[in-house]
Amino acid sequence: MTAETNNSIYKRALHLAVPMMIQNGITNAVGLVDNLMVGSQGTESMTAVSIAGQLIFVFSLAVFGGLSGPGIYGAQYYGQGNEEGVKNVFRLKWILTSAITVIGILIFIFFGEALLLRYLQGEGADIDAALTLKLAKEYLGIMLIGLVPFGVTQIYAGSLRETDESVKPMVAGICSVVMDILFNYMLIGGHLGMPALGVKGAAIATVIARFVECAVIVIWAHKAREKHTFLIGIYRKRTISGEFAKPIIKKGLPIFLNEFLWAGGIAAITQCFSIRSLSVVAGLNISNAICNLLNVVFIAMGNAVGIITGQMLGASQYERAEKDSLKLMRFTGLMCVALTGILIALSGVFPRFYDTTEEVRNYGKNFIFITACFFPVQGYLNALYFTLRSGGKTLITFLFDSVYTWVVCVSLMFILCKFTTLPILGVYIISQSMDVLKVIIGYILIKKKVWITNLVA
């Protein structure tokens with residue numbers, strides 16, 4: 001491989017990833033601002049939004065997982081030049097997202113309170129559990145309205161990215177962010193003549209932003225149908241054949257289960273931490289707010305690696321796919337080394353912006369520092385995971401990701417939190433270090449080439 005070829009694959013990955021980084025970075029920056037605004041309302045408000053957000057996170061990953069299986073085929077069909085295949089993948093995404101959204105809303109309506117209570121098991125100095133539950137229920141109830149536009153946005157954004165268009169989703173995300181900041185400012189604290197609604201205001205602002213993002217991306221994409229030709233006449237036919245859908249659903253089901261169970265596993269680990277103290281949950285909220293702002297780098301790079309590798313596999317460029325994916329995995333890990341330094345520098349400063357107890361601030365500071373140290377591992381692992389998935393080896397990634405999370409990580413965290421006196425920071429270090437073993441296992445699978453498959457040949 002020449003230096004020119006090496007540079008071209010990095011440029012191609014960054015061409016796809018940078019708009020996603022900007023979009024998700026701005027979105028997470030707004031989440032950070034939201035977090036700080038809600039944090040100014042007190043520790044209960046901050047904790048309520050955090051635990052309700054854990055449930056929304058599980059739903060978001062369920063949608064992402066439901067669309068990921070079709071997305072693998074969408075990228076490969078596009079690499080093959082098969083527009084009818086891209087169209088039918090888009091239609092299948094609508095069917096799957098509609099089903100996931102309806103089921104998700106029903107679960108939150110009937111079981112939302114019981115799920116929220118799972119996070120309120122521990123005690124916390126100066127934290128009112130009853131008030132926290134009340135605020136969390138109010139926040140979750142309003143957020144349900146935004147699940148529909150969120151799902152539609154993911155259908156369009158994913159399909160556009162799979163066909164090498166990542167700017168439109170970025171611009172839609174920026175528009176969403178502007179609306180979110182504006183309405184958060186007006187509705188959380190009560191400015192510009194609007195009522196001070198606190199946690200309710202934060203939820204309303206997010207829902208408005210979801211509708212704006214959805215409208216921008218849908219209208220703009222259809223206005224540019226001559227470029228995105230798969231959208232021409234896309235709704236003249238609303239059904240797809242079982243023969244077409246069956247292999248995609250068969251491949252995609254493990255991904256859906258994986259994303260859903262992985263997100264559930266992360267939520268379960270947070271529940272384990274809550275056994276120790278509600279202050280720990282509040283500290284994790286502070287840490288996640290700033291860490292999520294920077295992890296968009298490796299998340300976007302992972303998506304880009306998956307799309308590029310999938311297109312190469314669809315074009316039967318197997319050797320190139322293997323070599324370039326390894327380069328991009330190393331490249332992503334190195335990018336995260338710089339992020340580690342940034343997070344460590346911010347760890348002592350950022351928690352001071354919250355109106356909460358010194359105990360919560362100290363938890364936040366230490367959680368940020370520990371998470372930062374494992375950022376390069378997370379970056380490499382994320383790119384590795386999307387490489388494995390790009391060839392449709394979804395059962396392998398299911399075992400590699402969510403089964404590992406539940407069988408090993410959740411079980412170990414529950415035992416350590418419930419039955420030992422190991423300090424919570426020690427428990428947290430162990431939880432982060434579990435990903436090192438996943439990297440080793442994943443690298444072995446990559447070198448064995450079990451993932452190299454053309455699904456659309």
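The values are calculated or read from the model by the stated rules, or taken from the named source; none is laboratory data. Nothing here was measured: the structure is a model prediction, and the numbers come from that model. Cβ sites come from the backbone with ideal geometry, for glycine too, and all protein chains shown count toward neighbours. Side chains are part of the model used for accessible areas, which takes the heavy atoms of the whole protein and leaves out ligands, DNA and RNA. Shrake-Rupley method; radii C 1.70, N 1.55, O 1.52, S 1.80 Å.
For region 174-266, GluC sites (Glu not before Pro) meeting the loop criterion (DSSP other than H, G, I, E, B) and having at most 13 other Cβ atoms within 10 Å: 226. Both numbers refer to the Cα atoms of region 61-147; Rg and Dmax are 19.2, 61 Å. Dimensions of region 340-405 from C-alpha coordinates, computed as largest minus smallest value along each principal axis and given longest first, are 47, 23, 15 Å. Plainly put, region 193-296 has a radius of gyration that is 1.11 times its Kirkwood radius, both from alpha-carbon atoms, as the Rg/Rh ratio. Quick one: net charge around residue 158, please, counting Lys, Arg +1 and Asp, Glu -1 for every other residue with C-beta under 15 Å from its C-beta. Summing Lys and Arg as +1 and Asp and Glu as -1 gives +1. Please work out the Cα center distance from region 343-371 to region 260-315, rounded to the nearest Å. When both Cα centres are located, 19 Å separates them. Summing charges over all other residues whose Cβ lies under 12 Å from the Cβ of residue 91, with Lys and Arg as +1 and Asp and Glu as -1, gives +4. Hydrodynamic estimate: the Kirkwood radius of region 349-453 over Cα pairs, inserted into Stokes-Einstein at 10 °C and 1.306 mPa s, corresponds to D of 101 µm²/s. In this calculation the C-beta distance from residue 137 to residue 194 is compared with R0 = 25 Å, giving a FRET efficiency of 0.65. Temperature 37 °C, viscosity 0.692 mPa s: under these conditions the Stokes-Einstein estimate for region 219-277, based on its Kirkwood radius over C-alpha pairs, is 213 µm² per second.
Packing order of peptides 59-72, 159-172, 332-345, highest average first: 59-72, 159-172, 332-345 (average count of other Cβ atoms within 10 Å over each peptide's residues).
Put simply, the C-alpha atoms of the chain give a gyration tensor, and the ellipsoid matching it has half-axes of 35, 26, 21 Å, longest first. Here the extension length gained between residue 421 and residue 82 equals 116.2 nm, from 0.36 nm per residue of separation less the Cα-Cα distance. When nucleic acids and ligands are ignored and a 1.4 Å probe is applied, residue 111 ends up with an accessible area of around 120 Å².
For the chain, the longest principal axis of the C-alpha atoms and the axis of helix 167-188 are separated by about 20°. Per-peptide packing, taken as the mean over residues of other Cβ atoms within 10 Å, places 386-398, 45-57 in the sequence 45-57, 386-398 from highest down. What is the angle, in °, between the Cα long axis of helix 3-39 and the longest principal axis of the Cα atoms in the chain? Nearest 10 is fine, range 0 to 90. Between the helix axis and the principal axis of the chain, the angle is about 30 degrees.
In terms of overall dimensions, region 91-239 has a Cα radius of gyration and Dmax of 18.7, 60 angstrom. In degrees between 0 and 90, to the nearest 10, how far off the longest principal axis of the chain does helix 424-447 point, with axes built from Cα atoms? Once rounded, one gets 10 degrees. Normalising by residue count, region 276-365 has a Cα convex hull of 103 Å³ per residue. Here the spin labels are modelled as points 7 Å beyond Cα on the Cα-Cβ line, and at residue 117 and residue 447 they lie 5.1 nm apart.
When the chymotrypsin sites (Phe, Trp or Tyr not before Pro) in region 205-308 are filtered for DSSP coil states and for at most 16 other beta-carbon atoms within 10 Å of their beta-carbon, the remaining sites are 235.
Average projection, convex hull of the Cα set of region 200-244: 5.0 square nanometres.
Near residue 348: Cβ cut-off under 15 Å, other residues only, Lys/Arg at +1 and Asp/Glu at -1. The net charge is +2. For the chain, with all protein chains in place and a probe radius of 1.4 Å, 67% of the accessible heavy-atom surface sits on carbon or sulfur.
Calculated accessible area for the chain comes out at 40 Å² per residue, all protein chains present (probe 1.4 Å; ligands, DNA, RNA ignored).
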